[in-house]
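Throughout, read-outs are computed from the coordinates displayed, never taken from laboratory work. Just so it is clear, the model here is predicted, and its values are computed rather than measured. Because the Cβ atoms are built from the backbone with ideal geometry, glycine has one as well, and the counts that use them run over all protein chains shown.
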Amino acid sequence: MGRSRRKRQDPDLGILSSRTLFSLQRELFTKISELGFPGLRPRHGAVLAYLDDAGSRATYLAAQSGQHKQVIGTLVDELAALGYVERRPDPDDRRAKLVVPTARGRELTAATDAVLAAIEAEHARAVGEEAYAEFKRVFRLVAERQTGLSSDAET
């Protein structure tokens, strides 16, 4: 059996993760656009997924998302032009800047959280609440082991 056929019949973690991510992004960004948040693309998730309500430094966003700081800078520029974030001086270090969600950005976060909760609820209904809860628990452990992070380190 060829490698391609084997990967289709028994996909590895990378394939399963990428299929899940790309499909989730497609559904999320389509629904977010339909809810009145235009111009967003999956690449913006590198900022939006890790952005703290009180603001985050670009270096933190880069470290969390695995993107280069220059990429994060470009994404922040795009999100600022769309009205979702702004740069402000960091009160702890006036030389540094924080990326802070605007009121519109906080509306986006609330909408995104609701869409993601609905998607997860659909999965839980499809496979069973207990099975889905166990899947998330195990997937979180695998992700932590893979990335070398613990849940405590992310908060």
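Please list, ordered by chain and number, the residues whose modelled amide H lies under 5 Å from the amide H of Val85; skip anything fewer than 5 residues away on the same chain.
Ala80, Thr102
Rounded to the nearest 0.05, what FRET efficiency is calculated for Lys136 and Ala63 with R0 set to 22 Å and r the Cβ-Cβ distance?
0.40
Counting pairs of Cα atoms in the stretch 39-111, how many percent are more than 21 Å apart?
The proportion of pairs with Cα distances above 21 Å equals 15 percent.
Once you've got the GNM for the chain with C-alpha springs shorter than 10 Å, pick whichever of Arg106, Arg87, Arg125 has the biggest mean-square fluctuation.
Result: Arg125 has the largest fluctuation of those listed.
What is the gain in length, in nm to one decimal, between Phe22 and Ala111 on full extension, counting 0.36 nm per residue of separation less the C-alpha to C-alpha distance?
Working: separation 89, 0.36 × 89 = 32.04 nm, distance 1.92 nm.
Result: 30.1 nm gained on full extension.
Given the -39500 (n - 2.57) contribution per DSSP H run of 4+ residues, what per-residue ellipticity at 222 nm results for the chain, rounded to the nearest 500 deg cm²/dmol? Walk me through the intermediate numbers first.
Details: 8 runs with 102 residues, N = 155.
Roughly -21000 deg cm²/dmol at 222 nm, from the helical runs in the chain.
Could you tell me how far the Cα centroid of the stretch 13-58 sits from the Cα centroid of the stretch 67-93, in Å?
The stretch 67-93 and the stretch 13-58 have Cα centres separated by 16 Å.
Using all Cα-Cα distances in the stretch 27-155, what percent lands in each 10 angstrom bin from 0 up to the longest?
For the stretch 27-155, the binned pair fractions read 12, 35, 35, 16, 2, 0 percent.
Determine ³J(HN,Hα), in whole Hz, for all residues of the stretch 67-72 in sequence, where each value follows from phi through the Karplus function 6.51 cos²θ - 1.76 cosθ + 1.60 and θ = phi - 60°; x replaces Gly and Pro.
9, 5, 4, 5, 5, 4
How much length is gained if the chain between Ile15 and Thr102 is pulled fully straight, taking 0.36 nm per residue apart and subtracting their Cα-Cα distance, in nm to one decimal?
Working: separation 87, 0.36 × 87 = 31.32 nm, distance 3.56 nm.
The Ile15-Thr102 span can extend by a further 27.8 nm.
Among Ser23, Ser17, rank each residue by its count of other Cβ atoms within 10 Å, from fewest to most, as a rough exposure measure.
Exposure proxy ranking, most exposed first: Ser23, Ser17.
Can you tell me the dipole magnitude for the chain around its Cα centre, using point charges on the Cβ only (Lys, Arg +1; Asp, Glu -1), in Debye to the nearest 20?
With Lys and Arg at +1 and Asp and Glu at -1, about 780 debye.
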